[in-house]
Each structure stands twice: as structure tokens, then as C-alpha cells.
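Novice: Dumping the structure here so I can ask a few things about it.
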Ligand SMILES: [Zn+2]
């Protein structure tokens, strides 16, 4: 691909893919099998981004296999499978849990502004959900008990579309609880949950893709790949920033927004080590030895990530 075509493509990828995802979701939600059609489009989106990663990679080095692809897929499928059984986890969770839970519970406390146009209801829901997502993510970085689960997501040494769903089940469950319970309690309708699920699913794919993108002003509204690459830095003062899942609103409000005018780090990962296999990765956070491995040191309170960052900031 010529460099002029690449430079034309870079600013078009994020908005183009996001809007295409929203159009596909609208089509899916108006079809007779919304969940099935949505998943079909979502998988097509994964393939499309996978092709773009080959054509216009952000990091050529990240195209090489890290041997974790099957584990990444297994974590994605496990969380999805668990969601279908337990009604609550991971990338597609809002969509699935809304489809299954809401009609069963028929819970309507009447706090939700159902008379608003759907677009504004979805914007409101995204902001409310983001508050929970932001704090769940920030707590996962700043508290040892939660970091032991979230470290799995940060243990990758390259970002690409396939590790979008690489989350420990406990990590996903915690995030879903904090972000979705308020919406349930307010009585948000199924259509709002479906749209929050769609936005979260497509932004999640974009956030982790290894594609050269220029997002400019979008960096001040949405969680973009450029921002999220800083969040995966090995340096704790860089990685304990940009916690937003869909929106950066709460990073801006709580001063964790980080968007310096330089290229994000190529060297990403954690100082500790996660287990090699899928089952080992699931079980590792539940043993003292496993937690010590994850931290790369003995699990004593003074080694908490948030304390390290506090020291860095006050130094
Ligand atoms: Zn994180």
C-alpha cells in the first residue's frame, strides 16, 4: 500500500469502523434474530480489523505471534460462555445480559427518562456505565486484590484485535457489576442496554487494534488506540492513566487523562509473569504463589501499584 493511501486511511479507520459498526448494529437490532446477526457482524469486524493490521500496522513487531492467540480466544469465549450461563461478563456482556435478563426480571422502577429520544438515552447510559467502568478499572490498577485479576489483560507484549477479550472472568464480572447495576436500578430499557453493548463492543475492538490511526479530537471524547497504548505501558506512571473504556470523560474529571505529544510505548507488559496455559491463567490469582508471580515479587502491601504511582507523582 502506498504511503499516501496509508495517510488517507489513518484518520478514516476509527470513525469509519465505528460508524459502520453502529449501522450494522442498527440493522441487527431491527432483524428477527438481533443477537445472532449482531455477533455475525462483530466477527466480520474482527476479520476486517485483522486485515487492516496487516496492511497498516501501528507496530510491525506486534504482527509476530506471541503464542497467546489461543489463550486470548479462550478467555474471550469463556467469558462469553459464562455470560450466557451467568448473565453477566466481558466484551459482549451488556448485549447478552440485556437480552436474557431484562425480559425475565421485567424490572421497571420508573427512574429512567424513557420519553427522551433513544439517542440521548444511550448517551446518558454510556456516561452512567462509564462511571462504573472507570472506577472498576482504576481500582483494578490501584488495589492488589483486583490487580491480580486485571494483570492478565496487561501481561500481553503486543496489542492486536484478538486480545480485546483477554480478561480474567473475575475482572470482567467486577466491571459489569459496577457499570450495569446502576442502569438496571434506574430501569433503563432493553434497547438502551443493547446500544451500550454495541458501542462497548466496537470501541473495545478499536482500542486494542494494531492499526496506525490518527484520532485527533476524538482522543478527547472516546477511548482511542493512541490513549490505550499508553495505558499498556510498562512504566506505572504511564499505565495508571487512561482508564476510560468508551469515554474519557472521567479521566479528564479525575485527572488521569494522559495524551502526550509523542509516540506511545512499543515496549508494553507487566513486570511480573502470568501462567502459560489458559487454566493456569484462570487459577493463578487464587494462590499466594500465583499472586507473587503476577507481581514479580512477594505480595506485600508496600508493593501495591497505586502506592508506587503515588510515590512517583510526589517525587
Ligand atoms: Zn488496565
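The values are calculated or read from the model by the stated rules, or taken from the named source; none is laboratory data. Predicted model only: the values in this text are computed from it and were never measured. Glycine also receives a Cβ, built like all others from the backbone with ideal geometry; neighbour counts cover every protein chain displayed.
Novice: In segment 249-270, which residues are part of a loop (DSSP other than H, G, I, E, B) and surrounded by 13 or more Cβ atoms within 10 Å (Cβ to Cβ)?
Specialist: Of everything in segment 249-270, those that are part of a loop (DSSP other than H, G, I, E, B) and surrounded by 13 or more Cβ atoms within 10 Å (Cβ to Cβ) turn out to be 256, 257, 258, 259, 264, 265, 266, 269, 270.
Novice: What are the residues in segment 136-150 that are away from the ligand (no atom under 11 Å from the Cβ), in contact (Cβ under 8 Å) with a residue 40 or more places away in the chain and surrounded by fewer than 20 Cβ atoms within 10 Å (Cβ to Cβ), if any?
Specialist: Across segment 136-150, the qualifying residues are 143, 144.
Novice: Shifting gears a bit: Mind telling me which of the residues 252, 205 ends up being over 24 Å from residue 166 (Cβ atoms) and touching a residue at least 12 places away in the same chain (Cβ under 8 Å)?
Specialist: The conditions single out 252.
Novice: Being assigned to a loop (DSSP other than H, G, I, E, B) and either away from the ligand (no atom under 16 Å from the Cβ) or without any contact (Cβ under 8 Å) to a residue 60 or more places away in the chain (or both) is the filter here, so list the residues in segment 208-239 that pass it.
Specialist: Hits for segment 208-239 are 209, 210, 212, 213, 214, 215, 221, 223, 234, 235.
Novice: Mind telling me which of the residues 84, 114 ends up being over 30 Å from residue 239 (Cα atoms), away from the ligand (no atom under 16 Å from the Cβ) and at pLDDT below 60?
Specialist: Exactly one of 84, 114 is over 30 Å from residue 239 (Cα atoms), away from the ligand (no atom under 16 Å from the Cβ) and at pLDDT below 60, namely 84.
Novice: I need the full set of residues from segment 158-177 which are within 15 Å of the ligand (Cβ to nearest atom) and either outside any helix (DSSP H, G or I) or under 14 Å from the mean Cα position of the chain (by Cα) (or both), in order please.
Specialist: 159, 163, 164, 165, 166, 167, 168, 171, 172, 174, 175
Novice: Does residue 203 satisfy the condition of being touching a strand residue (DSSP E or B) at 6+ places or on another chain (Cβ under 7 Å), outside any loop (DSSP other than H, G, I, E, B) and either at pLDDT below 90 or within 16 Å of the ligand (Cβ to nearest atom) (or both)?
Specialist: Yes.
Novice: Take residue 193 and decide whether it is more than 16 Å from the ligand (Cβ to nearest atom) and part of a helix (DSSP H, G or I).
Specialist: Answer is yes for this residue.
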